[in-house]
Amino acid sequence: MNGPSDMLDAADRFRRFLAERGMRLTAQRRLVLQEALRREGHFDAEAFYAALREAGGAVSRATVYRTLRHLRDCGLIREMPQPRGPAKYEHLHADQHHDHMVCIECGRVIEFFDDTLEAVQERVCRRHGFKAMDHRMSIRGLCRACRQPAKKGRREC
């Protein structure tokens, strides 16, 4: 998030999302929201829960998992399934779109943005009379380190 007004906008958006489903923005859900939007990079739910607890946050594991799902459904964070292990999340910046390359060996996630790819997607949508609202590109393969022969028995990704 860029500043306090962005956090307020996100909280208002989340409050409305929850209200439409007959739920309230409780103190625990607000705590999860604030922490998720403060995070830079990718995180998994279990590490996120552990960090909240370590910082003194009084929130249950179930509340964290459910609230992350609500934040995903509301469009404030993105869930990225992993080839191995738990899904990872990242908060979405309205003005900072990017795509991902995911290593199927070590799980490393490389973010990228390419103007040419974006232009191709726009052109394809226009050709088909389609109005794109969102897209996600995830290229799965092997990162540089996992393609190299292991040096001294270990890979560094």
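Here, each number is a calculation from the coordinates, and none is a lab measurement. Treat the numbers as computed from the prediction; the structure is a model and nothing was measured. All Cβ positions, even for glycine, are placed from backbone atoms using ideal geometry, and neighbour counts span all protein chains on display.
The residues packed around L117, meaning those with a beta-carbon under 12 Å from its beta-carbon, carry a net charge of -4 if Lys and Arg are +1 and Asp and Glu are -1. Between A119 and R140, the FRET efficiency estimated from the beta carbon spacing at R0 = 25 angstrom works out to 0.60. Counting other Cβ atoms within 10 Å as a rough exposure proxy, the listed residues D12, D99 run D12, D99 from fewest neighbours to most.
Counting other C-beta atoms within 10 Å, which of K88, K131 has the fewest, and how do the rest follow?
Ordered by Cβ neighbours within 10 Å, fewest first: K131, K88.
Residues E111, E54, ranked from the fewest to the most other C-beta atoms within 10 Å, line up as E54, E111. Please work out whether the stretch 1-93 counts as rounded, prolate or oblate from its C-alpha gyration tensor, where a ≥ b ≥ c are the square roots of the eigenvalues and a/c under 1.5 means rounded, while otherwise a/b larger than b/c means prolate and anything else oblate? The shape class here is rounded.
Sum up the charges of everything whose Cβ sits under 12 Å from the Cβ of Y49, counting Lys and Arg as +1 and Asp and Glu as -1, but leave Y49 out. Taking every other residue near Y49 into account, the sum is -1. Its relative contact order, with pairs defined as Cα atoms under 8 Å and 6+ residues apart, puts the chain at 17 percent. Each peptide in 32-39, 74-81 receives the mean, over its residues, of other Cβ atoms within 10 Å, and ordering these scores from highest gives 32-39, 74-81. Rounded, prolate or oblate: pick one for the chain, where a ≥ b ≥ c are the square roots of the eigenvalues of its C-alpha gyration tensor, a/c under 1.5 means rounded, and failing that, prolate if a/b is larger than b/c, else oblate. Oblate, since a/c reaches 1.5 and b/c is not below a/b.
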